[in-house]
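Participant: Okay, handing you the structure first.
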Amino acid sequence: MVDHIDQFKITHLITDLDTGGAEMMLARLVTHMDSKQFTNTVISLTDLGTLGEQIAALGVPVFALGMRPGVPDPRGLARLANLLRREKPDILQTWLYHADLLGTIASRLTHVPVLYWNIRCSDMDMRRYSKLSLLVLRILARLSRWPNGVIVNSLAGKQLHESLGYRPRRWEIIPNGFDLERFHPDPATRQSVREELSIPLNMLLIGLAARYDPMKDHRTFLAAAGQISRERHDVHFILAGRGVEQLSGVVDDLGLDEHVHLLGERADIPRILAALDIFSLSSAFGEGFPNVIGEAMACGVPCVVTDVGDAASIVGDAGRVVPPGDPIRLADAWRQLLAMPEPERQALGQSARRRVEALFSIQSVARRYESLYRAIGKERQSG
């Protein structure tokens, strides 16, 4: 039981710590929470990934259970239970489906006072994923009254999971938050990125930063790029993200090899985003609150996004929204922004930045998590 309200110990359990939306949000959250009132610990079901050492460098303890993705391992559950007994958290906050399931079992075994799940997606087409993932989702729907509550980062995520049978005791909608010091307009990157890629300085850049995954629908992005490239030769396209090199054959088939740059996974995403003239997310399904939209907007880049998850409400009137899976409509929205005089396009990007400042700063989002955790503590004390 929580015996005090001035200091909370939070353990975050996440499926992995590779670079991804949920993982990056967790890293930002533990960085910006009030360390005088909250002590955070992070546990990865798998390994330290690309973010584990970064989080540990902040003074946040990070543990890895060494489980293999997609392979049930009772030894991992035992290691998790031992860690929870040692750490004695006031609240176990789980992130993503497999962590939700393992965390629920482990919290029952170790009598953790409070368990909250954190859902980060919506509109999942589970036909594209493994039978094990589908089974986990069905089990979670049945267990959804076990945690004290469920956090979602989007209204779309809440609505989808309700349709799947989730009936938690409490829903909490807390959007993603963005580091406005790390993601900011930087005119100097326009030249440096173009020089790095041997792109003439007068070329316009349209980019997408996302791992290669069916939900991101890179093929629709490339099909739209093919339309634009046939009409004008002053536009280049950047794809950054883990695994996008696998699209080289598609790029060649479309005759886009001179206009499309497959960068792979990058550690300098703020620099890449700030160098763009237009950011575009082409996702077909599965998004809740796509981090990269807010990051691009924070860099002062106007966005064209597909109407998935809460993407439309994030962009608001600071960009364009098109139906998913429609390269013709996507290309048409790009044409609208490309046709704008440069000052007008830049003004749209500045409007996008102001929208993130007003609604989605990491400081304001971290305060919302803190308020929730304090409320939980007070409820348990009064109970």
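Participant: Can you pull out the residues in the range 145-164 that are under 18 Å from the mean Cα position of the chain (by Cα) and assigned to a loop (DSSP other than H, G, I, E, B)?
Facilitator: N153, S154
Participant: Out of the residues in the range 355-383 that are assigned to a helix (DSSP H, G or I) and free of Cβ contacts under 8 Å to residues at least 12 places away in the same chain, which is nearest to A296 (Cα to Cα)?
Facilitator: A358
Yes or no, residue by residue, for (1) of a type in the set (D, E); (2) outside the structural domain of V114 (by TED's automatic domain parsing); (3) touching a Cys at 6+ places or on another chain (Cβ under 6 Å); (4) surrounded by fewer than 17 Cβ atoms within 10 Å (Cβ to Cβ):
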| residue | (1), (2), (3), (4) |
| --- | --- |
| E162 | yes, no, no, yes |
| R167 | no, no, no, yes |
| I173 | no, no, no, yes |
| L204 | no, yes, no, no |
| A209 | no, yes, no, no |
| R219 | no, yes, no, yes |
| A225 | no, yes, no, no |
| I228 | no, yes, no, no |
| R232 | no, yes, no, yes |
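Participant: Please verify whether the range 173-185 includes one or more residues that are over 27 Å from T50 (Cα atoms), outside any helix (DSSP H, G or I) and in contact with a helix residue (DSSP H, G or I) (Cβ under 9 Å, 6 or more places away or on another chain).
Facilitator: There is at least one residue in the range 173-185 that is over 27 Å from T50 (Cα atoms), outside any helix (DSSP H, G or I) and in contact with a helix residue (DSSP H, G or I) (Cβ under 9 Å, 6 or more places away or on another chain).
Participant: I would also like to ask the following. Test R320 against the criterion of being in contact with a His (Cβ under 9 Å, 6 or more places away or on another chain), of a type outside the set (G, A, S) and either surrounded by 18 or more Cβ atoms within 10 Å (Cβ to Cβ) or not in a helix (DSSP H, G or I) (or both), and give yes or no. If you could, list the steps in order and put the result at the bottom.
Facilitator: Numbers: in contact with a His (Cβ under 9 Å, 6 or more places away or on another chain): no; of a type outside the set (G, A, S): yes; either surrounded by 18 or more Cβ atoms within 10 Å (Cβ to Cβ) or not in a helix (DSSP H, G or I) (or both): yes.
Judged against the criteria, R320 is not a match.
Participant: Where in the range 6-70 are there strands (runs of 3 or more DSSP E), lying fully within it, with 2 or more residues that are over 30 Å from K216 (Cβ atoms)? Quick ask: steps written out before the conclusion?
Facilitator: Working: elements: 8-14, 38-44, 62-64.
Fully inside the range 6-70 and qualifying: 8-14, 38-44.
Participant: Farther than 21 Å from L45 by Cα, among the hydrophobic types (A, V, I, L, M, F, W, C) and not in a loop (DSSP other than H, G, I, E, B): does that describe A99?
Facilitator: Criteria not met by A99.
Participant: Kindly indicate whether any position in the range 297-312 is in contact with an Asp or Glu (Cβ under 7 Å, 6 or more places away or on another chain) and over 18 Å from N176 (Cα atoms).
Facilitator: The answer is no, given that none of the residues of the range 297-312 is in contact with an Asp or Glu (Cβ under 7 Å, 6 or more places away or on another chain) and over 18 Å from N176 (Cα atoms).
Participant: Can you name the condition, by its number, that R142 falls short on among (1) modelled with pLDDT of 95 or more; (2) surrounded by fewer than 15 Cβ atoms within 10 Å (Cβ to Cβ); (3) in the same structural domain as V301 (by TED's automatic domain parsing)?
Facilitator: (3)
Participant: Restricting to the range 191-202, name every residue that is under 11 Å from I272 (Cα atoms) and surrounded by 17 or more Cβ atoms within 10 Å (Cβ to Cβ).
Facilitator: The answer is V193, R194.
Participant: Name the one entry in V292, V301, V305 that is part of a strand (DSSP E or B) and buried (at least 21 other Cβ atoms within 10 Å of the Cβ).
Facilitator: Matching residue, one of V292, V301, V305: V305.
Participant: Another one. Could you check the range 103-137 and list, in sequence order, the residues that are at pLDDT 90 or above and part of a strand (DSSP E or B)?
Facilitator: V114, L115, Y116, W117, N118, I119
Participant: Could you please give the count of residues in the range 4-34 that are free of Cβ contacts under 8 Å to residues at least 60 places away in the same chain and among the small types (G, A, S)?
Facilitator: The qualifying residues number 1.
Participant: While we're on this one: With the checklist (1) modelled with pLDDT of 85 or more; (2) crowded, with 21+ Cβ neighbours inside 10 Å in hand, flag the one item N148 doesn't pass.
Facilitator: Failing condition for N148: (2).
Participant: May I ask you to list the residues in the range 276-285 that are surrounded by 24 or more Cβ atoms within 10 Å (Cβ to Cβ) and of a type in the set (G, A, S)?
Facilitator: Within the range 276-285, S280, S282, S283 qualify.
Participant: Same structure, new question: Run G325 past the list (1) among the small types (G, A, S); (2) assigned to a helix (DSSP H, G or I); (3) not assigned by TED's automatic domain parsing to the domain that holds N153 and report the number of the one that doesn't hold.
Facilitator: (2)
The values are calculated or read from the model by the stated rules, or taken from the named source; none is laboratory data. Since we're looking at a predicted model, the values are computed, not measured. Counting neighbours? That spans all protein chains shown, and the Cβs are built from the backbone with ideal geometry, glycine included.
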